[in-house]
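The values are calculated or read from the model by the stated rules, or taken from the named source; none is laboratory data. Bear in mind that the values here come from a model prediction, so they are computed numbers and not experimental data. Neighbour counts run over all protein chains shown; Cβ positions are idealised from the backbone, glycine included. What goes into the accessible areas is simple: the full protein's heavy atoms, side chains included, and nothing from ligands, DNA or RNA. Shrake-Rupley method; radii C 1.70, N 1.55, O 1.52, S 1.80 Å.
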Amino acid sequence: VMNINSQTGLITLNSKIDVDPNSEIKVFKPILFATDGTLTSTATITLTVTDINDNSPACNPSTCYAEVMEEEKGSRVVCALNCTDRDSP
């Protein structure tokens, strides 16, 4: 999923990470080991992947047609859509 450059420590992703609700990959906690041949050290980093709005909402039905009288009173439902969005809330 990721690569850590042994010379610079730069962390790069090897592929796109999708964190929409059906995906389980959200936090990475690799343990890094470093040595100079004599001494060693470890470090833990936390990389949290946050969701972006990359999916369009889907509505069913996708269109709705309604007629409203000119003097219609307020609070009347004229159309109801069921919409979902695959992005995290």
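Looking only at region 8-35, filter to residues that are at pLDDT 75 or above and polar (S, T, N, Q); which one of those is nearest to residue 53 (Cα to Cα)? Give the derivation first.
So the first thing to find is which residues in region 8-35 are at pLDDT 75 or above, and the list is 8-17, 27-35.
Retained after the next criterion (residues that are polar (S, T, N, Q)): 8, 12, 14-15, 35.
Numbers: 8: 32, 12: 22, 14: 21, 15: 18, 35: 41 Å.
Looking at residues that are at pLDDT 75 or above and polar (S, T, N, Q), I get 15.
Among 15, 6, which is within 30 Å of residue 85 (Cα to Cα) and surrounded by fewer than 10 Cβ atoms within 10 Å (Cβ to Cβ)?
Numbers: 6 fails: within 30 Å of residue 85 (Cα to Cα).
On inspection, the qualifying residue turns out to be 15.
Could you tell me whether any residue of region 49-57 is over 17 Å from the mean Cα position of the chain (by Cα) and of a type in the set (A, V, I, L, M, F, W, C)? Write out each step before concluding.
Just the residues of region 49-57 that are over 17 Å from the mean Cα position of the chain (by Cα), to begin with: none.
For region 49-57, residues over 17 Å from the mean Cα position of the chain (by Cα) and of a type in the set (A, V, I, L, M, F, W, C): absent.
If I ask for residues that are surrounded by fewer than 10 Cβ atoms within 10 Å (Cβ to Cβ) and in contact (Cβ under 8 Å) with a residue 12 or more places away in the chain, which ones from region 36-51 would you list?
Taking region 36-51 first, the residues surrounded by fewer than 10 Cβ atoms within 10 Å (Cβ to Cβ) are 36-42, 44, 46, 48, 50.
Correct list: 44, 46, 48, 50.
Condition (residue is in contact with a Leu (Cβ under 7 Å, 6 or more places away or on another chain) and not aromatic (Phe, Trp, Tyr)) applied to region 62-82: is it met by at least one residue? I'd like the intermediate steps shown before the answer.
Our first condition is that a residue be in contact with a Leu (Cβ under 7 Å, 6 or more places away or on another chain); within region 62-82, this holds for 64.
Among the residues that remain, those that are also not aromatic (Phe, Trp, Tyr) are: 64.
Yes, there is a match, as at least one residue in region 62-82 is in contact with a Leu (Cβ under 7 Å, 6 or more places away or on another chain) and not aromatic (Phe, Trp, Tyr).
Check region 52-61 and report whether any residue there is under 30 Å from residue 2 (Cα atoms), assigned to a loop (DSSP other than H, G, I, E, B), touching a residue at least 12 places away in the same chain (Cβ under 8 Å) and open to solvent by less than 80 Å² (accessible area, probe 1.4 Å).
The answer is yes, given that some residue of region 52-61 is under 30 Å from residue 2 (Cα atoms), assigned to a loop (DSSP other than H, G, I, E, B), touching a residue at least 12 places away in the same chain (Cβ under 8 Å) and open to solvent by less than 80 Å² (accessible area, probe 1.4 Å).
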